[in-house]
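Note sheet for the following structure.
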Amino acid sequence: MHFASKLDQLEKRFDELTQQMADPAIISDSEQYRKVTKAQSEMAEVVAKYREWKKVEDGLQQARAMVHDSDADLRSMAEMEILELEPRKATPATPTLSRRRLCRPRTQRPGSTQARSPRRVRSRMGQQQHARRPG
């Protein structure tokens, strides 16, 4: 799954940023520390959802393996576990904004001129003009 490999890379980068936050050289440089903490905090929600998804997926694999056990009590517990975990499985990292950020080509990052559509620019200009009008 291509999406999972991107999330694995994101998780790895998140862990690297978390380690950098404890680095005395980064801490002493306030500008660099601010950049690292901002990048880490932007990833935090997606990484937390992805880790939860991996935990649910692991639990489902274990429960599915126990369904074939000869013990009836163990089988019924495994079936109950599967019924509990299936709805939580959904998709990894469901936050829409974060998923868009993951899948967007590099040239269309927020702030780039290509990421601004004429409609969005016009609507922002209209909002600014509306805000300037005396009420």
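I'd like the residue in the stretch 1-27 that is within 14 Å of residue 44 (Cβ to Cβ) and in contact with a Phe, Trp or Tyr (Cβ under 7 Å, 6 or more places away or on another chain) and, out of all such residues, is surrounded by the most Cβ atoms within 10 Å (Cβ to Cβ).
Applying the filter and picking the extreme gives 7.
One line per residue, one yes/no per condition, for (1) of a type in the set (Ser, Thr, Tyr); (2) at pLDDT below 85:
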{"site": "29", "(1), (2)": "no, no"}
{"site": "41", "(1), (2)": "yes, no"}
{"site": "94", "(1), (2)": "yes, yes"}
{"site": "97", "(1), (2)": "no, yes"}
{"site": "104", "(1), (2)": "no, yes"}
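The values are calculated or read from the model by the stated rules, or taken from the named source; none is laboratory data. None of the values given here were measured: they were computed from a predicted structure. Note that each Cβ is placed from the backbone with ideal geometry, even for glycine, and that neighbours are counted across all protein chains shown.
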